[in-house]
Number of protein chains: 2
Amino acid sequence: MNDNKKKVIEIIAVGSEFLTPHYQDTNSLYLASRLNELGLKVSFKSIVGDDRLSLLSCFTHALKRADMIFVIGGLGPTADDITREIYSEALGTDLEFIPGLLKNIKNRFDRRGLDMASSNKKQAFVIQGAQILENKIGTAPGLWIDDPRAISVLLPGPPMELKTMFDAEVFPKLEKYKTGFQVHKILKMVGITESRTESLISDLYPEFEHVDLSLLAYPGQIEIHITSHSVISVDQAKSQIQPQMESLTKRLDKYIFSQCGEELEEVIGKLLIKNKKTLSVAESCTGGFLGHRITNVPGSSQYFLQGIQAYSNKAKIQLLGVDKNELLEHGAVSDEVARLMAEGTRNISGADFGLAVTGIAGPGGGTKEKPVGLVFTSLSWDNGFKVEKNQFLGDRSTVKTRSTQKAMDMLRRHLLFKEAVPDRS
Amino acid sequence: MNDNKKKVIEIIAVGSEFLTPHYQDTNSLYLASRLNELGLKVSFKSIVGDDRLSLLSCFTHALKRADMIFVIGGLGPTADDITREIYSEALGTDLEFIPGLLKNIKNRFDRRGLDMASSNKKQAFVIQGAQILENKIGTAPGLWIDDPRAISVLLPGPPMELKTMFDAEVFPKLEKYKTGFQVHKILKMVGITESRTESLISDLYPEFEHVDLSLLAYPGQIEIHITSHSVISVDQAKSQIQPQMESLTKRLDKYIFSQCGEELEEVIGKLLIKNKKTLSVAESCTGGFLGHRITNVPGSSQYFLQGIQAYSNKAKIQLLGVDKNELLEHGAVSDEVARLMAEGTRNISGADFGLAVTGIAGPGGGTKEKPVGLVFTSLSWDNGFKVEKNQFLGDRSTVKTRSTQKAMDMLRRHLLFKEAVPDRS
């Protein structure tokens, strides 16, 4: 394979489930993202079922038109996992049994005190001449085949196995095929809608001729993805993107919580550590999702003390010390109860901040006065508090997500600005 | 094209954006779902950018291997919309200008009081011999080409235009190719690994000649998807799948928690309602994820009383009444503390069941004695308790997911069987 010409890259996702209405390949998005970092662009994606003739048609065609082929899936132990066999057939080579591989696979089972099923034996067969790519978190080894027709990389389908193997074993080998330099920036925002973002920046679009820009909307979060390419140097790619980033951050300013891919929970985690503050939460309608997100961050035990999912009124009174009369007077979904929940969890835990959510996630439970999507979020600190009334749109899961975004954003804004920023969401 | 033989169907999604990490074709899921209604199955999906050579490679290959080809996108007015031209080239035919089409397109603009851009003129060119498919909500007409090689259907990319055109213009034409009827079943399992599942059922595979079966593995969950096709009737499709479903459920029995697509949290919700029981949880390493999943189910407030995310030791003692000496003696990640947490949340809330998780989700915090992935799960009820020691593999998020699966499965097994089922995960 010629190292200098532009590479035609094909990703093939194997699995009959991806041809049904119920499943979609997402691994190829991860591969595309990592390949783009090296200036490598994907030309074709193919999705094919687990049958011999279809696989052979795809593999043979890919070997004709592509210089680099990534095949994902079908390396497992079951009878419908036939990627190895058919790829070997497409290449015109044979499979070879590697005793050391079988030993590794068996060791994985032994460490967990389990018996290895005999079906796992097939995972110790590899395509002749292939380099074996270690699978640190599963039994299926990957394969790297360097052939005059193409570089072929066979990867396991489970996303965590794929990502871990790609990062550790494949990406380093690909660096020599790097064709250019790409700088990719993501501005993540909270407290603003897509159309508001668009109206704040659309007059800047004519300036964006040397970069790719796309606006993506998620529940409670807007992202701007900006990519700059250069064949010369990473510095050139950076200098192309710099003025655009400056214009955007100036316009969108305090809505931006991250410029380097971090999630909101990571941002508030870092702010809490920086300010040497601790946090506890109290949740009603989010039912633990706020605590879950906060504790998704490794090391969150440094600042996260506790959370209370006070779903029932009894729990609100008993665990959070919410006043029974206030609860009866205003109802569980009210600004008063949100405040009392935030203060309650803060007082009980001794944390610096208490963050609380109470609302109606739906689809049931709404009334005319308190419709589905009505959510109160509250932040409590040593000498003050804040409560916000939100009317979120969307299904149960969307309302839960928007609620956690809003609650975390209240803490972010307090820690960063100590003052209100107009909410545009 | 022979109307009776089994059709090879390919869907081609055109658009460079679908080759980036940021966008994904979803139109093909809709097509697959409608085609499946007619007993037609998709064999290949291809995703390709808007450049001439790539399109030609895809179209030519599809015309060789497929009997029915659905091409989505690239019919718009802009310079990168070249599907019509390149498909015509692949077929070896010419484009033909249809004055009436141009008039229709112009009328659409007139009705909205807009000028038609000159670029829209190209939308009035069609492939010779093609039938025109009316676009009721956009300017791009679709095309239906019946050719000895294949039936080719060119459809617009915007999802609403695609769906409207497919339903009104394409689906009726496809009914004559209806090959039969389809029944789709999903068995979801917990407490068992993929390879163990395989070893329990692989000798049944020869019986599965009339159905499609695929095995999917997720953290803490294995799914078997079974599809049955019949050329005669939906009853026949059902009766074909029945013996297979019986064999599988007999073998996999108590590991199966759902046969109709339900999640584990929905299943335990229904069991709690049926048994008129209530639940509260106590979480350490899952940090709220268990409560989040349980409260993802609409109506969960009927049985879910509270959750306590006792991340710190202080919270375990103060909120859950875990004995300080036990905590110091055994450590927070221990079977004793798991049991005390489960009993604590049950006693405090007055719930019938207490479910607790304590462990080391990683990546930090592991020791030789208590490595990352060590998780204790415990269930407490009025006159008993159960604790399980688990050693989970995977990253932080996977360990959290596996922990919630295991905890919920303990409750499921208790409610259903009141006895232990051997855990094969």
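Criterion first (surrounded by fewer than 15 Cβ atoms within 10 Å (Cβ to Cβ), away from chain A (no Cβ under 14 Å) and more than 32 Å from the chain's Cα centre (by Cα)) does B:K386 satisfy it? When the stated conditions are applied, B:K386 does not pass them. A:S380 satisfies every condition listed in (1) more than 14 Å from chain B (Cβ to nearest Cβ); (2) crowded, with 24+ Cβ neighbours inside 10 Å; (3) part of a loop (DSSP other than H, G, I, E, B) except (3). With respect to the conditions (1) touching a Ser or Thr at 6+ places or on another chain (Cβ under 7 Å); (2) over 19 Å from B:E89 (Cα atoms); (3) aliphatic (A, V, I, L, M), B:I12 lacks only one, and its number is (2).
For every residue, the table says whether it meets (1) of a type in the set (D, E, K, R); (2) over 26 Å from the mean Cα position of the chain (by Cα).
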position: A:S230; (1), (2): no, yes
position: A:K238; (1), (2): yes, no
position: A:I241; (1), (2): no, no
position: A:S258; (1), (2): no, no
position: A:I268; (1), (2): no, no
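Return the residue satisfying two criteria in turn: it lies in segment B:295-320 and is facing another protein chain (nearest Cβ under 7 Å) and among the aliphatic types (A, V, I, L, M), and of such residues it is nearest to A:G364 (Cα to Cα). That would be B:L305. Just a yes or no: is a residue in segment B:273-287 more than 7 Å from every other protein chain (Cβ to nearest Cβ), of a type in the set (A, V, I, L, M), closer than 27 Å to A:G366 by Cβ and crowded, with 24+ Cβ neighbours inside 10 Å? Within segment B:273-287, one or more residues are more than 7 Å from every other protein chain (Cβ to nearest Cβ), of a type in the set (A, V, I, L, M), closer than 27 Å to A:G366 by Cβ and crowded, with 24+ Cβ neighbours inside 10 Å. Residue check: is A:K400 out of contact with any Asp or Glu (no Cβ under 9 Å at 6 or more places or on another chain) and over 17 Å from A:G291 (Cβ atoms)? Answer is no for this residue. Against the list (1) more than 24 Å from B:G299 (Cα to Cα); (2) within 10 Å of chain B (Cβ to nearest Cβ); (3) touching a residue at least 24 places away in the same chain (Cβ under 8 Å); (4) out of contact with any Leu (no Cβ under 8 Å at 6 or more places or on another chain), the condition A:R346 fails is (2). Whether any residue in segment A:111-118 is buried (at least 22 other Cβ atoms within 10 Å of the Cβ), within 14 Å of chain B (Cβ to nearest Cβ) and either closer than 23 Å to B:E223 by Cβ or free of Cβ contacts under 8 Å to residues at least 12 places away in the same chain (or both) is what I want to check. For segment A:111-118, residues buried (at least 22 other Cβ atoms within 10 Å of the Cβ), within 14 Å of chain B (Cβ to nearest Cβ) and either closer than 23 Å to B:E223 by Cβ or free of Cβ contacts under 8 Å to residues at least 12 places away in the same chain (or both): absent. Number of residues in segment A:303-326 that are touching a Leu at 6+ places or on another chain (Cβ under 8 Å) and over 19 Å from B:Y303 (Cα atoms): the value is 10.
Between B:D253, B:D235, the distinction of being at positive phi, out of contact with any Leu (no Cβ under 8 Å at 6 or more places or on another chain) and not in a loop (DSSP other than H, G, I, E, B) belongs to B:D253 only. Filtered by the rule that a residue be modelled with pLDDT of 95 or more and within 14 Å of another protein chain (Cβ to nearest Cβ), segment B:407-425 gives B:A407, B:M408.
Would you check if there is a residue in segment B:365-375 being in contact (Cβ under 8 Å) with a residue 40 or more places away in the chain, part of a loop (DSSP other than H, G, I, E, B), buried (at least 22 other Cβ atoms within 10 Å of the Cβ) and at positive phi?
no
Screening segment A:14-104 for strands (runs of 3 or more DSSP E) wholly inside it with 2 or more residues that are surrounded by fewer than 18 Cβ atoms within 10 Å (Cβ to Cβ) and more than 11 Å from every other protein chain (Cβ to nearest Cβ) returns the ranges A:95-97.
The criterion of at least 3 residues that are at pLDDT 95 or above, surrounded by 15 or more Cβ atoms within 10 Å (Cβ to Cβ) and within 14 Å of chain B (Cβ to nearest Cβ) is met, among helices (runs of 4 or more DSSP H) falling completely within segment A:134-218, by A:159-165.
The values are calculated or read from the model by the stated rules, or taken from the named source; none is laboratory data. Just so we're clear, the structure is a prediction, and the values are computed from it rather than from any experiment. Methodologically, a virtual Cβ is constructed for each residue, glycine included, from the backbone with ideal geometry; neighbour enumeration extends over all protein chains shown.
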